[in-house]
Amino acid sequence: MDEHLIEQYRYFLKDSIRKEIDFSQTDQNKSVDAPPLEKPYRADALRIDLAKPGTWKDIAGLDLVAAIGHRESRRAYTQEALTLEEISFLLWATQGVRGEVVGSHAYRTVPSAGCRHAFETYLVILNGKGLDQGVYRYLPLTHQLLFEFSEDRLARKLVDVVFRQPYPGNAAVTFIWTAIPYRMEWRYHLAAHKVIALDAGHVCQNLYLACEAIGAGTCAIAAYDQEALDRLLRIDGKDEFAIYLSPVGKVRD
């Protein structure tokens, strides 16, 4: 292994980079307006209202201790569809907004450095009850599902971009998180990129636990063809790019 490269990547994990940053020169400290909390969308885009928090007593039947104890990566799924209520719960658990938005802060169900929340959540829905197959995006500020586009051979293309790992193609829904790095860079400059990686772990762990609570399973995937996945989502791969994904389906007994 290249020892120089190893040291570079280890340095990324340390907080030493903070010593090299003049935080007075961040856009936040230059009084540049904060970036939007979520990506814009067309006014005429199809948006689907999701089930509101507090309405999931009939689907989330596991207590927290049991969910933590049972948590594991699950790759085998039934052909059962996920309901809109179940999808609503999983989205809220991973990126839902708690309470009112205050200025450029939207306090959510997961922690994020400086409350910056650099992620967008895309869903590749293959088997959602009452939902057409396609790519959707979560709108956390209004707790809605935005239809982005349909795609031919969507399951096959998703499997291809994760190097033929088969289980996303058998899942009901695959969660894909993209990063918009400037949301974090606006405040933290070069230190932003370490905390974006940390934040991704917070989000996916909540998905694992929420899946256990509804009798579903998930398995996080970090091995994928970056350019191909960005193309599949129709994002630019520079100011927004995929960072993590996790298929979800009902678990076989």
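Among the residues examined, Arg234 qualifies as surrounded by fewer than 16 Cβ atoms within 10 Å (Cβ to Cβ), under 17 Å from the mean Cα position of the chain (by Cα) and in contact (Cβ under 8 Å) with a residue 40 or more places away in the chain. Taking region 53-77 as the range and being touching a Leu at 6+ places or on another chain (Cβ under 7 Å) and open to solvent by 60 Å² or more (accessible area, probe 1.4 Å) as the test, the residues that pass are Ile68, Arg71.
Tell me the residue from Glu80, Glu100 that is open to solvent by 90 Å² or more (accessible area, probe 1.4 Å) and closer than 19 Å to Leu141 by Cα, please.
Working: Glu80 fails: closer than 19 Å to Leu141 by Cα.
From the options Glu80, Glu100, the qualifying one is Glu100.
Could you check, for region 34-48, whether at least one of its residues is open to solvent by less than 50 Å² (accessible area, probe 1.4 Å) and farther than 23 Å from Ala200 by Cα? Looking through region 34-48, at least one residue is open to solvent by less than 50 Å² (accessible area, probe 1.4 Å) and farther than 23 Å from Ala200 by Cα. Of the numbered conditions (1) in contact with a Pro (Cβ under 8 Å, 6 or more places away or on another chain); (2) assigned to a helix (DSSP H, G or I), Leu245 satisfies every one except a single condition; which is it? Among (1) in contact with a Pro (Cβ under 8 Å, 6 or more places away or on another chain); (2) assigned to a helix (DSSP H, G or I), Leu245 violates only (2).
Quick test for you: out of Tyr167, Tyr188, Tyr122, pick the one residue that is touching a Pro at 6+ places or on another chain (Cβ under 6 Å) and farther than 25 Å from Leu64 by Cα. If you could, list the steps in order and put the result at the bottom.
On the way: Tyr188 fails: touching a Pro at 6+ places or on another chain (Cβ under 6 Å); Tyr122 fails: touching a Pro at 6+ places or on another chain (Cβ under 6 Å).
Just one listed residue meets the conditions, Tyr167.
Screening Ser31, Ser24 for residues that are open to solvent by less than 90 Å² (accessible area, probe 1.4 Å) and not hydrophobic (A, V, I, L, M, F, W, C) leaves exactly one candidate, Ser24.
One residue stands out in region 1-21 among those that are out of contact with any His (no Cβ under 8 Å at 6 or more places or on another chain) and assigned to a loop (DSSP other than H, G, I, E, B): the one that is modelled with the lowest pLDDT, namely Met1. Scanning region 44-96 for residues that are under 18 Å from Phe175 (Cβ atoms), without any contact (Cβ under 8 Å) to a residue 40 or more places away in the chain and in a helix (DSSP H, G or I) yields a count of 1.
The values are calculated or read from the model by the stated rules, or taken from the named source; none is laboratory data. Note that the coordinates shown come from a computational prediction; the quantities given were computed from them, not determined experimentally. No Cβ is skipped: glycine too gets one built from the backbone with ideal geometry, and neighbour counts run over all protein chains shown. Heads up: the accessible areas ignore ligands, DNA and RNA and are worked out on the full protein's heavy atoms, side chains in. Shrake-Rupley method; radii C 1.70, N 1.55, O 1.52, S 1.80 Å.
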